[in-house]
Amino acid sequence: MMLALALALLLVAHFIRAARQANLFAADERPRTIHLMVGLSIAYVINAVLPFRLGEAARGLYVAMRANLGVGRVLATILAERLSDLVAVFAALLIISGIADLSVIAILGGGIVAIVAGSWAIRMSKAARRLLWLVASLFNDRIRIAIADLAWSTVRLVASTRLIRPRYLALTAAMWAAYLAAYATFARATGYPLDEVIATMVDSPLRSLLDRSREMGSAIIVFTSLAALLILVLGLAADWRGVERSVARVRRIGLPLVASADPALRNAFVNRGDYGAMLRAHFTDSDPVVATFGMHGLGDAIVHRILPGGSDAITAVVEVEQRFGIRKFANGAAAAKLVEQAEWLDRHAARLPLAEVAARSGDGTRFRYDMPYHASARDLYEVAHTAPPATCLALLETVVEGVATHHAASSTGSCAPEDLVRYVDEKIVANARQALDFARLQLPETYRINGESFSLAEWAPLLNRDALIARFAARETAAIHGDLTFENIIICPDRAPGWYLIDPNPENRFNSPLIDWAKLMQSLHLGYETINRGAPARLQGDEITLMLSQSNVYAELLARYRALLAQRFEAATLREIQLHEIVNYLRLIPYKIRNQPGRALSFFACASLLLRRFDEGADG
């Protein structure tokens, strides 16, 4: 009777442990308690004969398989609950030190410190994250991401309040009360001293139970294993069809090494690739803005897709309260530019078709704003390659007319001489020097682009401040968009007048309307979007191979665009638009050197081509 009671109490303790673990999952991804109990029983059976708690890995794999959760996510809950157990046992041993010597207490305390310190290091130290990623690189990419997911989720659990919430603490107290009652009842039934039973069960957690119980014989192994086997048999028998389906799914598509994120990122990334990219950015520090977006830019949003972009901001399709939107997020200096974007969009919405700023949030170092999502919306780059040429030509003319009208209505007078000087110094001379420094690291003074010979000496005019200032005769300014490329012109039949603009870059010191026309030329002339998305330039010896491909529709659009400009401006102004186009590429090169060094050479080559054509007086 006493043994039966001890066994019943042990089963109750296992049930409470499973219920406690369930509290570490988000409500809508919480595994069934029976799955957690079976996983726990598998762990106990394995840990009875094998050391180092190897059964916990099997426990995590089983629960991940049955609940279709990421392995790393499940293992993180196991690590977190074992940490709370270490704390509970450590505290108990300090109070009742007669059942264990000081070395055991020291080992348990060291384990607690190691887990907490390791979590703190991964959370706070870039070097620690890079080291973990380097170690994980011994495995394939899926396992590496799963290891990062495990570390990330464990850190978030340890740093959260979940382990100290009243319900979790109450379950912990009830669980240990049930375990101690079971051990006491077992000791009374068998005649073993209670302190020896407790010591056997808790004071050497990394040794197998078989090894720990040599002095007590097989009774305690039979006792603990019987409870685990009973749960295992009953659980598998009651849910055998479900286990079969899970095994078949795993055989077909494999275990979900990475599924949902930690509680703070619950189901936040619909696309596992985006979540993996966020983890990779966080652990390698390769893309701080992506990592920061994952930690601070989500709020209550679900990310459906991170969109490609060429700025320091993240653009993503998100869902908030079952409504889709486009979210822009940035931190640091880029956050200030995002604030400027949102303010410019608000300020000029009555005069120009612009994206609506539906919501915004920021704390000084980070900023985000949301725009409505329109299912029919596509950027002009995509439309130009999918719609009939006549449609594209008509759209281009409409956009040019709308932007020109806005320029005329928002005129702000002539640029101050000191602003023009700073514009030339910062946007042309300084960027040209950076581009040349970059080029000289890998190119001789004379180099070739697609078989044509070029020289770094051709860049000398871009370092002559006075000559450059003299070239800017059109000094009128306006509330320009500042980044009027095809990617930022959205064609949307569901919204009047059928198009709108996104992502302005309005603060340029010299807000010449010609910058907008040069940005459109940037898209059409060398095909900026294609260069940005396609294969980067290749360098072999002194030869740069740059893929320049222009579709028939782009050729037609470029010809029509030049004709539209010629109707509005004199030849000298058209030359200035060419110069502004060169400046646009100069501004891109330092950004690419910092963020996409593999593509920096592509944009240096483009600038070289444009500079040659400008010097020759050609229109390209």
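DSSP loop (so not H, G, I, E, B), at most 12 other Cβ within 10 Å: list which trypsin sites (Lys or Arg not before Pro) in segment 287-384 pass both filters. Can you show the working numbers first?
Values: sites: ARG305, ARG323, ARG327, LYS328, LYS337, ARG347, ARG351, ARG360, ARG366, ARG368, ARG378; in loops: ARG351.
Listed in order of number, the matching sites amount to none.
Helix-only mean residue ellipticity at 222 nm, the chain, DSSP H runs n ≥ 4 weighted -39,500 (n - 2.57), per residue, nearest 500. What is it? Provide the component values of the computation, followed by the final result.
Details: 25 runs with 369 residues, N = 620.
Estimated from H runs of four or more residues: -19500 deg cm²/dmol.
State which stretch of the chain is the longest one without any exposed chymotrypsin sites (Phe, Trp or Tyr not before Pro), exposure meaning a DSSP loop state and at most 14 other Cβ atoms within 10 Å.
140-620
In the neighborhood of ALA432, defined by Cβ-to-Cβ distances under 13 Å, what is the net charge if each Lys or Arg adds +1 and each Asp or Glu adds -1?
Details: positive: LYS427, ARG433, ARG440, ARG465, ARG587; negative: ASP425, GLU426, ASP437, GLU458.
Net local charge, ALA432 excluded: +1.
To the nearest 10 degrees, how steeply does helix 430-440 sit against the main Cα axis of the chain, on a 0 to 90 scale?
Helix 430-440 sits roughly 70 degrees off the main axis of the chain.
Note the angle between two axes, namely the Cα long axis of helix 33-49 and the longest principal axis of the Cα atoms of the chain, as a number of degrees from 0 to 90, rounded to the nearest 10.
Around 70 degrees separate the two axes.
Relative to the Cα centre, what is the charge dipole magnitude of the chain, using +1 at the beta carbon of each Lys and Arg, -1 at the beta carbon of each Asp and Glu, and rounding to the nearest 20 debye?
Details: 65 positive and 59 negative charges, 408 e Å.
Rounded to the nearest 20 debye, it is 1960 debye.
Over the chain, with the other protein chains present, what is the accessible area per residue in square angstrom, probe 1.4 angstrom?
Values: 27610 Å² over 620 residues.
Computed with neighbouring chains in place, this is 45 Å² per residue.
What number comes out for the charge environment of ASN488, summing +1 per Lys or Arg and -1 per Asp or Glu over other residues with Cβ under 13 Å away?
Details: positive: LYS328, ARG378, LYS519; negative: ASP379, GLU382, ASP483, GLU487, ASP503, ASP516, GLU529.
It works out to a net charge of -4.
Against the longest principal axis of the chain, how steep is helix 102-124, in degrees 0 to 90 to the nearest 10, with axes from Cα atoms?
The answer is roughly 20 degrees.
Just to be sure I follow: if Rg is taken over the C-alpha atoms of segment 1-118 and Rh is the Kirkwood radius over the same atoms, what is Rg/Rh?
1.00
Please report the carbon-and-sulfur percent of the accessible area for segment 493-577; probe 1.4 Å, protein heavy atoms only, DNA, RNA and ligands left out. Can you show the working numbers first?
Details: 1860 of 3680 Å².
Reported share for carbon and sulfur atoms: 50 percent.
What label, among [x] -0.66, -0.78, -0.99; [y] -0.46, -0.61, -0.98; [z] -0.60, -0.72, -0.92, belongs to log10 I(q)/I(0) by the Debye sum over Cα atoms at q = 0.07, 0.08, 0.10 Å⁻¹ computed from the structure on display?
Here log10 I(q)/I(0) by the Debye sum over Cα atoms at q = 0.07, 0.08, 0.10 Å⁻¹ agrees with entry [z].
With a ≥ b ≥ c taken as the square roots of the eigenvalues of the C-alpha gyration tensor of segment 455-562, please select rounded if a/c is under 1.5 and otherwise prolate if a/b is larger than b/c or oblate if it is not?
Values: a/c = 2.19, a/b = 1.13, b/c = 1.93.
It is oblate, given that a/c is not under 1.5 and a/b is not larger than b/c.
What range in the chain is the longest one free of GluC sites (Glu not before Pro) that are in a loop by DSSP and have at most 15 other Cβ atoms within 10 angstrom?
Values: sites that count: GLU215, GLU321, GLU356, GLU445, GLU507, GLU570, GLU616.
Free of exposed loop sites, the longest segment is 1-214.
The values are calculated or read from the model by the stated rules, or taken from the named source; none is laboratory data. These numbers were taken from a predicted model, which means no experiment stands behind them. In this analysis, Cβ positions are derived from the backbone assuming ideal geometry, glycine residues included, and neighbour counts consider all displayed protein chains. All accessible areas refer to the heavy atoms of the entire protein, side chains included, with ligands and DNA or RNA removed. Shrake-Rupley method; radii C 1.70, N 1.55, O 1.52, S 1.80 Å.
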